[in-house]
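Working notes for the structure below.
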Amino acid sequence: MKNTIKLIAACAVLASVTGTFAAGSHGGGHDAQVVGKPGVASKVTRTIEVDMSDTMRFTPANIKAKQGETIRFVVKNSGQLSHEFVLGTAKDLKAHYEVMKKNPEMEHADDNMLTVKPGQTSEILWQFTKAGTVDFACLHPGHYDAGMKGKIAVSPTKRNAELASR
């Protein structure tokens, strides 16, 4: 209970100082809108199963998506440790990881992140609104540094690719 109260107080201080907490960012500057938005179940085009293990790896670690596509990620933790699946930019994930190292009890409840306990499975629906690279990682202390990260290559739609080439 004391840790929860301390965490709430720390978040309130961060919110008043940075002004970003209300937008879904906390301390590390997470901004889910940069990498897409929460998906709608009726628009899911495919399901991708992702396994997280105590070898500090995601399987698969490299995924391909199309701009505008909505994917259901079914994320299984096959390990004995708690793991996370957090979507973001490489810069935001690294910054958030630094905050997590200082506040390892921090729990997440944003649309672009899941915490999955050992032996459990959870899911996230995500629409990729922009072409480019979307990174994902486990931000538990030590996991990111051990290599628990991956990339999603989001290719532009044909129409957007044609517009970009003009």
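Below, the figures for the structure above:
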quantity: Phi to ³J(HN,Hα) by Karplus 6.51 cos²θ - 1.76 cosθ + 1.60 over segment 132-137, Hz, x for Gly, Pro; calculated: x, 10, 10, 9, 9, 7
quantity: Shape of segment 30-84, Cα gyration tensor, a/c cut at 1.5; calculated: prolate
quantity: Efficiency of FRET from Cβ geometry, Lys158 and Asp51, R₀ 22 Å, rounded to 0.05; calculated: 0.10
quantity: Under-5 Å amide H pairs with Gly39, H placed in peptide plane, nonlocal only; calculated: Leu125, Trp126, Gln127
quantity: Under the Karplus curve 6.51 cos²θ - 1.76 cosθ + 1.60, θ = phi - 60°, whole-Hz ³J(HN,Hα) for segment 74-91, x wherever Gly or Pro sits; calculated: 9, 10, 10, 9, 8, x, 9, 10, 6, 9, 10, 10, 10, 8, x, 7, 4, 4
quantity: Pairwise FRET efficiency - Asn62 versus Lys117, Cβ, R0 = 22 Å, nearest 0.05; calculated: 0.30
quantity: Protein-only accessible surface order, largest first, of Thr121, Thr129 at 1.4 Å; calculated: Thr121, Thr129
quantity: By average C-beta atoms within 10 angstrom, highest first, the peptides 63-69, 100-106; calculated: 63-69, 100-106
quantity: Note, ³J(HN,Hα) from phi for segment 56-62, Karplus 6.51, -1.76, 1.60, rounded to Hz, x at Gly and Pro; calculated: 6, 9, 9, 10, x, 9, 10
quantity: Surface share of carbon and sulfur [accessible, 1.4 angstrom probe, percent] for segment 44-104; calculated: 52 percent
quantity: Label point at Lys151 placed 7 Å out along Cα→Cβ; residues across segment 76-110 whose backbone nitrogen lies under 16 Å; calculated: 88-94
quantity: Pairs of Cα atoms farther than 25 Å apart, segment 53-166, %; calculated: 23 percent
quantity: Rounded, prolate or oblate (a/c below 1.5 giving rounded, otherwise prolate when a/b exceeds b/c) for segment 64-126 by Cα gyration tensor; calculated: oblate
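The values are calculated or read from the model by the stated rules, or taken from the named source; none is laboratory data. This is a predicted model, so every value here is computed, not measured. With ideal geometry, Cβ positions are generated from the backbone for all residues, glycine too; neighbour counts draw on all protein chains shown. Please note that ligands, DNA and RNA were not included when accessible areas were found on the heavy atoms of the full protein model with its side chains. Shrake-Rupley method; radii C 1.70, N 1.55, O 1.52, S 1.80 Å.
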